[in-house]
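Rule-based calculations on the coordinates, nothing more; no lab input. All values derive from a computational prediction rather than experimental measurement. For neighbour counting, all protein chains shown are included, and Cβ atoms are generated from backbone atoms with ideal geometry for every residue, glycine included.
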Amino acid sequence: MTKLPVRTKDKHNRNDKLSGDELSSLDEFCSDFEVDEVEFEKWNHSHRDLNIIIPLFVSSGDTPKGGLRELQFSREIINSAGESRRERTSVTITIPEIVKNGEQLILNGLGSAQESNRGDLIVIINIK
């Protein structure tokens, strides 16, 4: 997904560093895109529960080595009709050689899903 900067037509919010030709080109480029306005509460409702947080316990002797770990977890898949099912899956992650207690490894799009929206899998490192 490409993130585009938000621009307004208000002349007071224009970037003074762009020339007139650059602004015209930017306006022409932006005119091809449509933006749907969504209320935050509606957006938040469809996104709030999609992330999955999993603690990963590693011994202090293993942390300087890093390495691969396989995680098995289940996630919820909700279709457009609102029907829900659980899906068991696994993923192999790379633990960095230098990792701190409480550090988060974020795997984009591997969390639960609702229609085309996908949450993230957030792995929290716990050194014992």
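Across region 103-112, rounded Karplus estimates of 3J(HN,Hα) from the backbone phi angles (6.51 cos²θ - 1.76 cosθ + 1.60, θ = phi - 60°) give 5, 10, 9, 10, 10, 5, x, 9, x, 5 Hz, Gly and Pro being marked x. Simple point charges give the picture: +1 on the Cβ of Lys and Arg, -1 on the Cβ of Asp and Glu, and for region 40-127 a dipole about the Cα centre of about 80 debye. The residues neighbouring GLN72, those whose beta-carbon lies less than 15 Å from its own, together hold a net charge of +2 under the Lys/Arg +1, Asp/Glu -1 convention. Protection proxy ranking, highest mean first, for peptides 84-92, 96-104, 72-80: 72-80, 96-104, 84-92, where packing is the per-residue count of other beta-carbon atoms within 10 Å, averaged.
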